[in-house]
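One structure is given here, and the rest of the page talks about it.
Every number here is computed from the coordinates shown, using simple stated rules; none is lab data. Keep in mind it's a predicted model, so treat the numbers as computed, not measured. As a convention, Cβ positions derive from the backbone with ideal geometry for all residues, glycine included, and neighbour counts pool all protein chains shown.
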């Protein structure tokens, strides 16, 4: 158990407040006594995730000038940027979120005397192979040039009590019964526990860590297959009978399908950006942080030993694995129901005419409900509508 630091009197604005890292950072800062405000896109969602936390609404896509940040920084001593987006989409603009907004933030912080803690990523380089890493690097460069006091953290594969991104991918793959599929079994990975990420942020805010750049990683890398095996054991799933290595063409096909799902609002951890990162590994240099603090970050086994695994974690892992199939089957069922209704229009109408319906009314009724079935089959694929569409499907099924 790591000791709490005294952050009394510190005022902190956290960007990406209800995200995987942001929510954990806010809770840790509050536990250490800081007065924390969260910048969020959706206040209602934030209030559910972070009850009692002061919130300010804002979208990084719109905060791209110094003036946009000036009022928001009044009374703030530190900004912790935990915001990020994996790929461009209807709701995400990588250049705006990772670069333009952060460049403006850096200038505004320099003018106001506000310090910045930037949660970047290992592999964030100008010539990186993914837009995610390149735009992250552009934001890092802008912050270095801003003149604001800066702590730049590059976490390894973050493992926390909840799951998102890489953690969700590990748990989803570990939930496969009997066998263990893996894309790149020998890819080297250095992990970091969420507790250590939060501790590093608190140390920066407290003044116990000199400003600078730090890779937040355990001392030694592990092959991805070992990380998966340890994750599987932590979840309490039986040891896999065999490991199946997916060939590159299959990986590309799965990633392309995940990208399509992403465009429909289903943010799969198997999208192209995540899979590309896995081909390159997740490795950093633990020495700068160890030299500055005198301590190493927790290793893979120690990270999992500090986390509690309960039935809901196993259920979430299985549901993450099954969700694409469940939604796909549900969509296909309703689509086929509607298509078969149109194909068998005469036979279906005949059943109604035998009950006293006129030919016109019978045909109209069959066509109408067939189109409703098709519409519901398509609509359930759109993530923002999925829950309400399922309720409509249940209502339609009960009314028949």
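List of remarks:
- A protection proxy built from the mean count of other Cβ atoms within 10 Å ranks the segments 194-206, 175-187, 357-369, most packed first, as 194-206, 175-187, 357-369.
- Efficiency of FRET between residue 308 and residue 252 - r from beta-carbon atoms, R0 35 angstrom, step 0.05: 0.45
- Ordering of 42-52, 211-221 by burial proxy (mean other Cβ atoms within 10 Å per residue, highest first): 211-221, 42-52
- Averaging the sequence gap over all C-alpha pairs within less than 8 Å and six or more residues apart, then dividing by the number of residues, gives region 33-73 a relative contact order of 37 percent.
- Residues 373, 127, 208, 68 arranged by fewest to most Cβ contacts within 10 Å: 127, 208, 68, 373
- Contact order for region 324-399, expressed relative to its length and based on alpha carbon pairs under 8 Å spaced 6+ residues apart, stands at 38 percent.
- Segment residue 350-residue 368, length gained on full extension (0.36 nm per residue, minus Cα span): 4.9 nm
- For region 11-309, the relative contact order works out to 17 percent when only alpha carbon pairs closer than 8 Å and six or more residues apart are counted.
- Length gained on full extension, residue 208 to residue 67: 47.6 nm, using 0.36 nm per residue less the C-alpha separation.
- DSSP beta bridges confined to the chain are antiparallel in about 5 percent of cases.
- Think of it as helices only: each DSSP H run of n ≥ 4 in the chain is worth -39500 (n - 2.57), and spread over all residues that comes to -16000 deg cm²/dmol at 222 nm.
- Acute angle (nearest 10 degrees) that the helix 20-31 long axis makes with the longest principal axis of the chain, alpha-carbon atoms: 50 degrees
- On Cα atoms only, tilt of 345-354 relative to the major axis of the chain in degrees: 60 degrees
- Förster radius 30 Å - calculated FRET efficiency between residue 339 and residue 162, Cβ distance, rounded to 0.05: 0.15
- In degrees, nearest ten, helix 224-235 long axis to first principal axis of the chain (Cα): 70 degrees
- Förster radius 30 Å - calculated FRET efficiency between residue 315 and residue 375 (Cβ-Cβ, nearest 0.05): 0.45
- Here the peptides 151-161, 136-146 are ranked by packing, the mean other Cβ count within 10 Å, and the order with the highest first is 151-161, 136-146.
- Label assignment, Kirkwood radius over Cα pairs in Å derived from the structure, set (i) 26.3; (ii) 23.3; (iii) 21.6: (ii)
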